[in-house]
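Since every read-out is calculated from the coordinates, none of them should be taken as a lab result. If you're wondering where the values come from, they're calculated on a predicted model, not measured in any experiment. All Cβ positions, glycine included, derive from the backbone under ideal geometry; neighbour counts span all protein chains shown.
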Amino acid sequence: MQVTEVRLTKAPSEDSCLAYGSFTLDGDFVVCGIRVLKTKDGNLFVGYPSKQNSRGEYKDVCFPMARSLREDISVRVLEEYEKL
Amino acid sequence: MQVSEVRLNLLKTDTAVKAIGSFALDGAFAVRGVRVMEDKNGHNFVAFPSREKQDGSYEDIAFPLSKELYASITGAIIDEYKQQVEKQEQAQNQEASQEQTQTEAESAAAPAPKKGKSR
């Protein structure tokens, strides 16, 4: 599975969320509501869409299961973020 | 892209949502919070995870673009839903028939010891 398209918008505020947007897998499956986040150490990572459940915990709605796909997505999304 | 896994939990409610579950694409990408719904005419369809925006409108989080992938995902989920409903009905029927035989056996066995005691 390949990431064919990444769309990002810069977040207006200066907190841990730097950008938000969507990506497409194989030109066929869209995932909206991903975020580029910054840790306290300054490392960037991709946050997947999540929902608060009835216990108040946040659970990811959709996420990659294979390590190779996770790496592929984060590389492509962070590349796109550098271009912003 | 193929659906490699479907998991569903049937709900015991009278609302339009009949089951909630998840599916995986190619064993590499998981999507949770997929709902099997039933419309007024009794037709089943699949609702993809969505979130409410600040202006009150709803936006899908993860969804297919092409008709082919949409058909294969909804087909796989609804097949699994129908299988599970069938299994549940079979289990309920078995339980009901077991209870019947049990009550019959009890009613048949009950008078015997009473007779024995009285004698």
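For B:Ala28, indicate whether it is closer than 20 Å to A:Gly27 by Cβ, within 14 Å of chain A (Cβ to nearest Cβ) and surrounded by fewer than 19 Cβ atoms within 10 Å (Cβ to Cβ). Walk me through how you get there before you give the answer.
On the way: closer than 20 Å to A:Gly27 by Cβ: yes; within 14 Å of chain A (Cβ to nearest Cβ): yes; surrounded by fewer than 19 Cβ atoms within 10 Å (Cβ to Cβ): yes.
Yes, satisfied.
Can you spot a residue in the range A:16-31 that is farther than 21 Å from B:Ala28 by Cα and surrounded by fewer than 17 Cβ atoms within 10 Å (Cβ to Cβ)?
Yes, because at least one residue in the range A:16-31 is farther than 21 Å from B:Ala28 by Cα and surrounded by fewer than 17 Cβ atoms within 10 Å (Cβ to Cβ).
Please state which one of A:Val77, A:Val46, A:Val61 is within 13 Å of another protein chain (Cβ to nearest Cβ), buried (at least 17 other Cβ atoms within 10 Å of the Cβ) and either β-branched (Val, Ile, Thr) or in contact with a helix residue (DSSP H, G or I) (Cβ under 7 Å, 6 or more places away or on another chain) (or both).
Criteria check complete, one pass: A:Val61.
Here are some conditions: (1) over 30 Å from A:Met1 (Cα atoms); (2) in a strand (DSSP E or B); (3) over 12 Å from the mean Cα position of the chain (by Cα). B:Asn93 meets all but one. Which one does it not meet?
Every condition holds for B:Asn93 apart from (2).
Being within 14 Å of chain A (Cβ to nearest Cβ) and over 23 Å from B:Thr15 (Cβ atoms) is the requirement here; does B:Gln54 meet it?
So B:Gln54 fits the description; yes.
Do any strands (runs of 3 or more DSSP E) lying entirely in the range B:1-83 carry at least 2 residues that are within 27 Å of A:Arg67 (Cβ to Cβ), hydrophobic (A, V, I, L, M, F, W, C) and in contact (Cβ under 8 Å) with a residue 24 or more places away in the chain, and which ones are they?
Ranges flagged: B:3-10, B:17-25, B:29-38.
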